[in-house]
């Protein structure tokens, strides 16, 4: 599935791809096969909200090879606009699916982000689930400012590992800026920003039960787990998201156009 074949739907100015998990995996597979250098962003509600306030960030997200509907409310809006085949393409699910697929295809994976102990647990968990997958390496960076360039020796370390997929787990918007700024500095075909997927799969942070993830209530679970860190994102951000949706409905800008 080529970039041109990916249909998109405009969600408050963000071109979110009309995909499901299988189609997203096929896109990454095609990029690896043809050595197409690109990056993939996952778009929950918080990403859509941040794009309303930061034109540069909006440009970075829309410059991705694929923007997946990571949040259930994003999928609801897509379906409201007539895209009935759109399904939630959640970062942790995308990682697990591609790792499983890579057992057959032999793709190499590198993990950038997280903490050393998280990455060690992640590698063990993935290797246990998918014994034949190839883990090329991992690196846990020190705290970096949004948009800060990584040191050249770290970039060489990634390139020397020859990964087919570079998983970036810095959280949004930092991971999206990182992928955009480093796209031309790395030889890896595909970079995928997956937020908290490192912690969820490694088991260092609890993941919401499936019924909450599928009903749009995952934000509530995460807020209860990390209230001090996430209260602004969810209490203020979700309110802003509703406001932006209502504004565009009333003024007939994007939603329902």
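The values are calculated or read from the model by the stated rules, or taken from the named source; none is laboratory data. As the structure is a computational prediction, the values presented were derived from the model and not from experiment. FYI the Cβ positions are ideal-geometry reconstructions off the backbone, even for glycines, and counts take in every protein chain you see.
For residues that are more than 18 Å from the chain's Cα centre (by Cα) and in a helix (DSSP H, G or I), tally how many sit in region 77-90. Talk me through it step by step, then tell me what you get.
From region 77-90, those more than 18 Å from the chain's Cα centre (by Cα) are 77, 79-85; that's our starting set.
Narrowing further to those that are in a helix (DSSP H, G or I): 77, 79-80.
Number satisfying all stated conditions: 3.
Can you name the condition, by its number, that residue 38 falls short on among (1) closer than 30 Å to residue 231 by Cβ; (2) modelled with pLDDT of 95 or more?
Result: residue 38 passes all but (1).
Given (1) modelled with pLDDT of 95 or more; (2) touching a strand residue (DSSP E or B) at 6+ places or on another chain (Cβ under 7 Å), identify the lone condition not met by residue 195.
Going through (1) modelled with pLDDT of 95 or more; (2) touching a strand residue (DSSP E or B) at 6+ places or on another chain (Cβ under 7 Å) one by one, residue 195 breaks only (1).
I'd like the full set of residues that are in contact with a helix residue (DSSP H, G or I) (Cβ under 8 Å, 6 or more places away or on another chain) and either surrounded by fewer than 20 Cβ atoms within 10 Å (Cβ to Cβ) or closer than 20 Å to residue 183 by Cβ (or both), limited to region 4-15. Let's see the steps before the verdict.
Initial filter on region 4-15 (in contact with a helix residue (DSSP H, G or I) (Cβ under 8 Å, 6 or more places away or on another chain)): 6, 9, 11-15.
Scanning region 4-15 gives 6, 13, 14, 15.
Taking residue 150 and the conditions (1) more than 18 Å from the chain's Cα centre (by Cα); (2) surrounded by 15 or more Cβ atoms within 10 Å (Cβ to Cβ); (3) part of a helix (DSSP H, G or I), which numbered condition does it fall short on, given that it satisfies the others?
Residue 150 satisfies all of (1) more than 18 Å from the chain's Cα centre (by Cα); (2) surrounded by 15 or more Cβ atoms within 10 Å (Cβ to Cβ); (3) part of a helix (DSSP H, G or I) except (3).
For region 197-220: of the residues being in a loop (DSSP other than H, G, I, E, B) and in contact (Cβ under 8 Å) with a residue 24 or more places away in the chain, which is nearest to residue 115 (Cα to Cα)? Steps first, please.
Start the filter on region 197-220 by keeping residues that are in a loop (DSSP other than H, G, I, E, B), which leaves 203-209, 215-217.
When the remaining residues are screened for being in contact (Cβ under 8 Å) with a residue 24 or more places away in the chain, the result is 203-204, 207, 215-216.
Numbers: 203: 13, 204: 10, 207: 18, 215: 30, 216: 28 Å.
So, considering only residues that are in a loop (DSSP other than H, G, I, E, B) and in contact (Cβ under 8 Å) with a residue 24 or more places away in the chain, the one nearest to residue 115 (Cα to Cα) is 204.
Whether any residue in region 134-143 is exposed (fewer than 13 other Cβ atoms within 10 Å of the Cβ) and at negative phi is what I want to check.
Our first condition is that a residue be exposed (fewer than 13 other Cβ atoms within 10 Å of the Cβ); within region 134-143, this holds for 142-143.
Right, trim to at negative phi and you get 142-143.
Yes, the conditions are met somewhere in region 134-143.
Any idea which of 172, 142 is touching a residue at least 40 places away in the same chain (Cβ under 8 Å), within 30 Å of residue 230 (Cα to Cα) and assigned to a loop (DSSP other than H, G, I, E, B)?
Numbers: 142 fails: touching a residue at least 40 places away in the same chain (Cβ under 8 Å).
One residue alone meets the criteria, 172.
Taking helices (runs of 4 or more DSSP H) that fall entirely within region 1-76, which contain at least 3 residues that are under 29 Å from residue 243 (Cβ atoms)?
Details: elements: 21-33, 45-53, 55-62.
Of the helices (runs of 4 or more DSSP H) lying wholly inside region 1-76, those with at least 3 residues that are under 29 Å from residue 243 (Cβ atoms) span 45-53, 55-62.
Among residues belonging to region 45-71 that are out of contact with any helix residue (DSSP H, G or I) (no Cβ under 7 Å at 6 or more places or on another chain) and in contact (Cβ under 8 Å) with a residue 40 or more places away in the chain, point out the one that is surrounded by the most Cβ atoms within 10 Å (Cβ to Cβ).
Of region 45-71, the ones out of contact with any helix residue (DSSP H, G or I) (no Cβ under 7 Å at 6 or more places or on another chain) are 53-56, 59, 62, 64.
Right, trim to in contact (Cβ under 8 Å) with a residue 40 or more places away in the chain and you get 54, 62, 64.
Values: 54: 13, 62: 16, 64: 24.
Once the filter is applied, the top-ranked residue is 64.
Working only within region 105-125, note down all residues that are within 30 Å of residue 22 (Cβ to Cβ), in a helix (DSSP H, G or I) and either in contact with a strand residue (DSSP E or B) (Cβ under 9 Å, 6 or more places away or on another chain) or in contact (Cβ under 8 Å) with a residue 12 or more places away in the chain (or both). I'd like the intermediate steps shown before the answer.
Pass one, region 105-125, residues within 30 Å of residue 22 (Cβ to Cβ): 105-114, 118-119, 121-125.
From the residues that got through so far, the ones that are in a helix (DSSP H, G or I) too are 105, 118-119, 121-125.
Within region 105-125, 105, 118, 119, 121, 122, 123, 125 qualify.
What is the one condition in (1) more than 14 Å from the chain's Cα centre (by Cα); (2) part of a helix (DSSP H, G or I); (3) surrounded by 17 or more Cβ atoms within 10 Å (Cβ to Cβ) that residue 128 does not satisfy?
All conditions are met except number (3).
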